[in-house]
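The values are calculated or read from the model by the stated rules, or taken from the named source; none is laboratory data. Computed from a predicted model, the values in this text were never measured in an experiment. No Cβ is skipped: glycine too gets one built from the backbone with ideal geometry, and neighbour counts run over all protein chains shown. The protein model used for the area step is the full one, side chains on, heavy atoms only, and it has no ligands, DNA or RNA in it. Shrake-Rupley method; radii C 1.70, N 1.55, O 1.52, S 1.80 Å.
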Amino acid sequence: MSDIDFVLTYLDPNDVEWQKEKNKYSPDKFADVNPNRYRDWNNLQYFFRGVEKYAPWVRKMHFVTCGHLPKWLNTDHPKLNIVKHEDYIPKEWLPTFSSRCIDMNLHRIAGLSEHFVYFNDDMFLTAPVKEEVFFKNGLPCDSAILNPASVTEDGQTQIFLSPFIDLSLINHYFDRKSVMRSYPAKWINLKYGPELFRTLNMLPYPRFRGFLPIHLPYSYNKNVYEKVWELEKDRLEEVSSHKFRELTDPNHWLFSYWQYASGKFTPRNPNLGHAYQLRDEQMARKAGEAIVKHRYKMVCLNDAIRDVEEFEKIIAIVNTSLEQILPEKSLYEK
């Protein structure tokens, strides 16, 4: 298939005008204001280089921004579509500083393909990928692996309630046993490798208790977004109205979970990529080695740095590795 779009959400935390606008609003006690949400790693150019080199088949590249753009970005690239928040998010929810509002309304982007892959700005392609990595026979490729949900986002102290909110909605609309009886080969599949034992261990539970978080680019069918919005319009409108992401908000994983429960996905090996929680120099070096050796087709380089003094050192390690495999400017750059 050749109708797959990529969607990337972008933020420039150093934009003075954006900072002034953000400071006009006060987050309430439930807001997630973790500074890691806004730090700039100065490596977005490697995302575009990876797309051009490893996924030249992409139909359109939708670049979602509140308005600011990297100075080096070639906005005349024929595949690039600049999408401002005001272009697709209803005006009553703007301005927004919540990633929940931004990514739960992606289906509203004008001209977006039915089949799209959603990238966070910490996700990179690091080896050639075929279209079948993301979609097969019109269905998104994913790894539906049962696993207890966790209240920590990075294995440490960050409270992360979104999966529980997502699961409450899934369990409201779907019966876990009926789902697995209807699509047994999608749940008990050898492509999942050793991770399959997680699902087997969860079979005694009658309800969905959680899914293994993969933290890699997300393949979505637009009609699933539209279906969930149709059924949960009031809830999603409330979430979209929050100026900042809140701990009790559902997140876009809800749409992945819906694809699992409705059988609208194709099983995929979860080990084609890896998510690195970059807490320290040792983890950064592991990620850098994997990038240079093309160990995975894609990686997520998550900012989990707690020691500010380590920040620049860790950035240098991973960016040097990305530069080593993607040294040439892409046509997405001026």
*Could you work out the Kirkwood radius for segment 157-311, taking every pair of different alpha carbons, averaging 1/r and inverting it, reported in Å?*
17.7
*What number comes out for the charge environment of ARG59, summing +1 per Lys or Arg and -1 per Asp or Glu over other residues with Cβ under 9 Å away?*
0
*Residues with beta-carbon under 13 Å from that of GLU328, excluding GLU328: net charge, scoring Lys, Arg +1 and Asp, Glu -1?*
0
*Cα-based count: Lys pairs in segment 174-254 below 30 Å, eight or more positions apart or different chains?*
14
_Whether segment 114-223 is rounded, prolate or oblate, judged on the alpha carbon gyration tensor where a/c under 1.5 counts as rounded_ = oblate
*asked:* Quick check: net charge around LEU216, other residues with Cβ under 10 Å of its Cβ, Lys/Arg +1 and Asp/Glu -1?
replied: +1
*Between LYS297, LYS233, LYS84, which gets the highest mean-square fluctuation from a Gaussian network model of the chain, Cα cutoff 10 Å?*
LYS233
_Theoretical ellipticity at 222 nm over the chain - DSSP helices of four or more residues, -39500 (n - 2.57) apiece, nearest 500_ = -9500 deg cm²/dmol
*Of all the Cα-Cα pairs you can form in segment 193-261, what percent are over 17 Å apart?*
56
*Dividing the convex hull volume of the Cα atoms of segment 1-135 by its residue count, what figure in Å³ per residue is obtained?*
124
*Length-normalised contact order of segment 4-128 in % [C-alpha pairs under 8 Å, at least 6 apart]*: 43
*asked:* Could you compute Rg(Cα) / (2.2 N^0.38 Å) for segment 43-82, with N its residue count?
replied: 1.14
*asked:* If I ignore ligands, DNA and RNA and count only protein heavy atoms, how much of LYS177 is accessible to a 1.4 Å probe, in Å² to the nearest 10?
replied: 90
*Please tell me the relative contact order of the chain in percent, rounded to the nearest whole number, where contacts are Cα pairs under 8 Å and at least six residues apart.*
26
